[in-house]
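Step one of this worksheet: look at the structure below.
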Amino acid sequence: MNPPKVKKWRDVRKVFREYGIETREGASPGHRRPPHPLLVSPDGQKYPIPARGQNDDVSRHYIDGARRKFGLTPENGISDEEFWGKF
């Protein structure tokens, strides 16, 4: 299976939500730029995603990084076909 190079942020959020990983807005008090949203697992692990709006493109590299962070890889029992098939 050949995963896509980019996906829309709204789709990324939806897929990770199916695995129990929620989205929060990052907190960055006193900073000029708006913070990146964070994917947050139930045990408190966080992974930032560089997206601002629902239609922003998210690179596959960030999605793969989040998969590794939250244990959604083939080594952990979630195949590439199962994960990428949800998009």
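Quick notes on this one:
- Residue in the range 55-63 that is in contact with a Leu (Cβ under 8 Å, 6 or more places away or on another chain), farther than 18 Å from Arg24 by Cβ and in a helix (DSSP H, G or I) present: no
- Scanning the range 47-64 for residues that are surrounded by 13 or more Cβ atoms within 10 Å (Cβ to Cβ) and either under 12 Å from Phe16 (Cβ atoms) or touching a helix residue (DSSP H, G or I) at 6+ places or on another chain (Cβ under 6 Å) (or both) gives Tyr47, Ile49, Ala51, Asp56, Val58, Tyr62, Ile63.
- Residue tally, condition under 10 Å from the mean Cα position of the chain (by Cα), at pLDDT 95 or above and either of a type outside the set (D, E, K, R) or open to solvent by less than 60 Å² (accessible area, probe 1.4 Å) (or both), over the range 14-38: 3
- The residue pairs whose first member lies in the range 68-87 and is farther than 18 Å from Arg17 by Cβ and charged (D, E, K, R), whose second member is modelled with pLDDT under 95 and not in a helix (DSSP H, G or I), and whose beta carbons are closer than 7 Å, counting only pairs six or more residues apart or on different chains, are Asp80/Met1; Asp80/Pro3; Glu81/Met1.
The values are calculated or read from the model by the stated rules, or taken from the named source; none is laboratory data. Small disclaimer: the values here were computed from a predicted structure and weren't measured. No Cβ is skipped: glycine too gets one built from the backbone with ideal geometry, and neighbour counts run over all protein chains shown. Note: areas computed on protein heavy atoms with side chains; ligands, DNA, RNA excluded. Shrake-Rupley method; radii C 1.70, N 1.55, O 1.52, S 1.80 Å.
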